[in-house]
1. Please count how many residues of the stretch 226-277 are part of a strand (DSSP E or B), exposed (fewer than 15 other Cβ atoms within 10 Å of the Cβ) and of a type in the set (Ser, Thr, Tyr).
2. Checking Asn221 against (1) closer than 17 Å to Gly253 by Cα; (2) outside any strand (DSSP E or B), which single condition isn't satisfied?
3. Step by step: first the residues of the stretch 67-109, then only those that are of a type in the set (Ser, Thr, Tyr) and in a strand (DSSP E or B), then the one that is modelled with the lowest pLDDT. Which residue is that?
4. Could you list, in sequence order, all residues of the stretch 164-204 that are surrounded by 19 or more Cβ atoms within 10 Å (Cβ to Cβ), over 13 Å from Glu250 (Cβ atoms) and of a type in the set (S, T, N, Q)?
5. Hey, among Glu250, Glu172, which residue is closer than 24 Å to Ser130 by Cβ, in contact with a Pro (Cβ under 8 Å, 6 or more places away or on another chain) and free of Cβ contacts under 8 Å to residues at least 60 places away in the same chain?
6. Looking at the stretch 92-125, which of the residues that are surrounded by 15 or more Cβ atoms within 10 Å (Cβ to Cβ) and among the acidic types (Asp, Glu) is farthest from Asp198 (Cα to Cα)?
Amino acid sequence: MKDNKDALLEKAYIPEYEPSEELNKAILEKACKMKQKTKKGFTGQIPKVAAVVLALGLATPIGVYATNYLIQNVFVTEHGISVGEAELVDDAELTQTGEEAKIEVLSDVEGGSEDKWIRKEVKQIDNFTSTYYTFEDYSVALAESGMDNWLSKEYEDDNCVTYVHTQAADWEDHELDVFFYFGEKQFSMTQMLRPGVDHTQGVHSLVLQNTSNKRTYTSKNGYEFVLVDEVREDEIGKITKTYVMISYGEYLGYFSFPEFTDDEIHEILDSVVIPNE
């Protein structure tokens, strides 16, 4: 199976020549940047470079660790899928564009022989600092982040994994973004951890367009998931992406499945495991 990097190399170079490591790294980083631009941002969360988010509700400190909030507090509106308190969501606000964040790149370096990451970029975003690490391997990025592993099965990733550590005066945020292969298709997973925050309090929304076909699925591990489709049309044509949100304790995240059948999604969800602490 050829990944995006292989396809770029085939188009750009004569077969009998072998591209240098520097060239491979440059192409990999370009592909990572393109994919990072497609990632969505949660409302109620910190702003990311690709999207400025809206603060719809305040999250409260954790008193009791809340596990397995996979369906109980997840709900769907016309323009999003949310977790938390439904009465705090104003669907019209989900379509509004927030004030653009002021971003300054403080440093941008390539990883050395002793570094596990291949690139590190530090950005000042308004009044907080985000450090972006690019990894070639999800398992390495997961170990470096110290976050929970949500998957009991190993999927091939596309060598473009991003770990973001954000710090402000009174909070910090961790995020992992990865694209996995499933046969000839790809699905993405975003994991976020904010220590000291219970995401079932307040509200956190993933902004979508034209939501439809809401349904639920109970996995073989006994987890209940909410699935919702987003239908978009552009110059290429119509595409349907199915989203599944996960929220428990200090963790929040989602899966995105472009043009996947429900059977394929169910197979992947059967491999999801949520630690019960």
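1. The total comes to 0.
2. Evaluating Asn221 over (1) closer than 17 Å to Gly253 by Cα; (2) outside any strand (DSSP E or B) leaves (1) as the failure.
3. The extreme case among them is Tyr69.
4. Selection gives Thr166, Gln186, Ser188, Thr190.
5. Exactly one residue qualifies, and that residue is Glu172.
6. In this case the residue turns out to be Glu121.
Every residue, every condition in (1) over 27 Å from Ile265 (Cβ atoms); (2) of a type in the set (S, T, N, Q), yes or no:
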| residue | (1), (2) |
| --- | --- |
| Ile125 | yes, no |
| Tyr181 | no, no |
| Glu184 | no, no |
| Val207 | no, no |
| Thr218 | no, yes |
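Yes or no, residue by residue, for (1) of a type in the set (Val, Ile, Thr); (2) farther than 27 Å from Tyr223 by Cβ; (3) more than 14 Å from the chain's Cα centre (by Cα):
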{"position": "Lys123", "(1), (2), (3)": "no, yes, yes"}
{"position": "Thr129", "(1), (2), (3)": "yes, yes, yes"}
{"position": "Glu144", "(1), (2), (3)": "no, no, yes"}
{"position": "Tyr155", "(1), (2), (3)": "no, no, yes"}
{"position": "Thr162", "(1), (2), (3)": "yes, no, no"}
{"position": "His165", "(1), (2), (3)": "no, yes, no"}
{"position": "Lys185", "(1), (2), (3)": "no, no, yes"}
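The values are calculated or read from the model by the stated rules, or taken from the named source; none is laboratory data. Everything numeric here is computed off the predicted structure, so don't read it as measured data. As a convention, Cβ positions derive from the backbone with ideal geometry for all residues, glycine included, and neighbour counts pool all protein chains shown.
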